[in-house]
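**Q** Could you have a look at this structure, given as structure tokens, before my questions?
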Amino acid sequence: MKRAFFFSLITFTLLGAAEVYAVDYPLPPPGSRLIGQKQIYTVPNDGKDLEYIAEKFKTGVLLMLEANNTVDPFLPKPGSELVIPSQMLLPDTPREGIVVNLAELRLYYYPPGENRVEVYPLGIGQQGRDTPIMVTRIIQKIPNPTWTPTANIRARSLAQGIKLPPVIPAGPNNPLGRYALRLEQGGGEYLIHGTNARRSIGMRVSSGCMRMRAEDIKSLFSQVEWGTRVQIINEPVKYSQEPDGKRYVEVHQPLSQNDWDNPQTLPIAINASFGRFIDDAATDAMAVDNAITRRAGVPVVVSAMQSAPKTVAPVNSMQSVKATPQPAPITQAEGTPVASTHSVTLVQ
């Protein structure tokens, strides 16, 4: 059954820069986890790189590379067609509050009392400083945070020839951006926050915190309340049997633990539930094996005696259904940033 999906975003060009808004999906019917549709984007001859395209469609670079494993990550060839990973299976978790799946570098937010989910790309912890799996809650909302780097962060930066000050004030140069949400677990050292490094979104780059683009964290910050449930999982495989009988598997590259690991060939654990799904007569086990090998990061039909769809929806225009425009980030030219009464010491 074809499901409608909504991009709550507007894209327009101003001096070559695209401004984007949140991706909004209606929740699927009971018993379903499939949302959205895959899309095809034809690369124009505009010299833009993959990061620009990822931001244009509110996704992350690694997700784009999973879906398009033969594309040049620096400069996609004009005329080439890219799969936009705008179709996905919801994580197998309670549809409540915030859910982060580290393996897909995505954050899902379920607004209370509303039949929709918002999906955002994330930057997460790098190797050796991983974002931990947890079920926790938001204990503080911090506008205009200052950043107090930990001793370990200052030492690592100094080893790279960068001397960090004891405190970085609120403003456009603050690594935490303009908004931060503090999590209870871990002594409050983990945050979901903005960033002044937009190209780090959808990558493993932080010291354990979760980064969002400026307009994304502003939208999330304005909606969530103190005490909102936050669940962080690390599940590279999602699977579902839909109400119409179709079976889907969505496989992402697992997070590497060592520099020598190859996420494309790392073993993927098959738990008992997934094993039963594979062994069921309604599942094409070979199609599942192919999906695990390919790791495209998009849902693949694995129903027995049924092939996957041959086409995806073309991207000719962006449909605005629910737009919530975000103000442009404050720049130094706009005046002195507002000082914050909150000082944050954390794993950034």
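No lab work stands behind these numbers, since they all come straight from the coordinates. The shown structure was predicted, so the numbers you read here are calculated from the model rather than taken from an experiment. Glycine also receives a Cβ, built like all others from the backbone with ideal geometry; neighbour counts cover every protein chain displayed.
**Q** May I ask you to order 230-242, 97-109 by the average number of other C-beta atoms within 10 Å around their residues, highest value first?
**A** Descending mean neighbour count gives 97-109, 230-242.
**Q** Then there's this: Compare the peptides 111-122, 243-254, 57-68 by average per-residue count of other Cβ atoms within 10 angstrom and give them in order, highest first.
**A** 57-68, 243-254, 111-122
**Q** Classify segment 224-282 as rounded, prolate or oblate from the Cα gyration tensor: take a ≥ b ≥ c as the square roots of its eigenvalues, call it rounded if a/c is under 1.5, otherwise prolate when a/b beats b/c and oblate if not.
**A** Oblate is the answer for segment 224-282, as a/c is 1.5 or above yet b/c matches or exceeds a/b.
**Q** Would you pull out the residues with amide H under 5 Å of THR195's amide H, same chain only if 5 or more places away, H placed 1.01 Å from N?
**A** Long-range HN contacts for THR195: GLY177, ARG178, MET212, ALA214.
**Q** Would you mind counting up the charge near PRO145? Only other residues with Cβ under 12 Å from its Cβ, with Lys and Arg at +1 and Asp and Glu at -1.
**A** That sum, taken over residues with Cβ under 12 Å, equals +3.
**Q** Using only the alpha carbon atoms of segment 52-146, find the Kirkwood hydrodynamic radius as the inverse mean reciprocal pair distance, in angstroms to one decimal.
**A** Kirkwood hydrodynamic radius for segment 52-146: 15.7 Å.
**Q** Can you compute 3J(HN,Hα) from phi for each residue in segment 92-97, using the Karplus curve 6.51 cos²θ - 1.76 cosθ + 1.60 with θ = phi - 60°, rounded to whole Hz and x for Gly and Pro?
**A** 7, 9, x, 7, 8, x
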